[in-house]
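The values are calculated or read from the model by the stated rules, or taken from the named source; none is laboratory data. Owing to the predicted nature of the structure, the values given are computational and were not obtained by experimental measurement. Counting neighbours? That spans all protein chains shown, and the Cβs are built from the backbone with ideal geometry, glycine included.
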Amino acid sequence: MNMTDIELSKIDELGMLQAQIADLEAKAKKLADEIKNQGEGHYEGNLYKGCVTLSQRATVDNKAVFKAADVPADLIAQHTKTTAIITLKVTAR
C-alpha cells in the first residue's frame, strides 16, 4: 500500500496542511530575516515592496508590578478574566 491508496481523514488533511504551512513559515522567516539584516530602508521587488524600520516597544511585567506593590492575590483574582477555549493539537503518527 502506498500513500495514494490511503483514504485521508479530515485530521490527516489538517496535519498535512499544518506541515506545509510550517515549511512555508520557515521559508518566509528566513527571507524576512535576510531582508531585515540589510538594515532600515525601502526594498522593491518586481511584484512587492517592503520597508524595514527600527522601533522600540515597551512592555509592563504585570506580575512584577503586582508583587512590588504587594497587591493581594484575591484582588488580582477578582479582576482576572477567564475565557473558555477549545484546542486541537495534531501530531504525526
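Condition first: farther than 26 Å from GLN78 by Cα and modelled with pLDDT under 95. Now tell me which residues in the stretch 57-66 satisfy that. Can you show your working first?
Residues of the stretch 57-66 that are farther than 26 Å from GLN78 by Cα, as a first pass: 57-58.
The one that is farther than 26 Å from GLN78 by Cα and modelled with pLDDT under 95: ARG57.
Can you name every one of the helices (runs of 4 or more DSSP H) wholly within the chain that holds 2 or more residues which are without any contact (Cβ under 8 Å) to a residue 60 or more places away in the chain, surrounded by 10 or more Cβ atoms within 10 Å (Cβ to Cβ) and on the phi > 0 side of the Ramachandran plot? If you could, list the steps in order and put the result at the bottom.
Working: elements: 10-36, 62-68, 73-78.
Result: empty, no element qualifies.
Condition first: over 27 Å from ALA28 (Cα atoms) and among the hydrophobic types (A, V, I, L, M, F, W, C). Now tell me which residues in the stretch 50-79 satisfy that. Step through it out loud before you land on a result.
Step one: list which residues in the stretch 50-79 are over 27 Å from ALA28 (Cα atoms), which gives 60-79.
Within the stretch 50-79, VAL60, ALA64, VAL65, PHE66, ALA68, ALA69, VAL71, ALA73, LEU75, ILE76, ALA77 meet the criteria.
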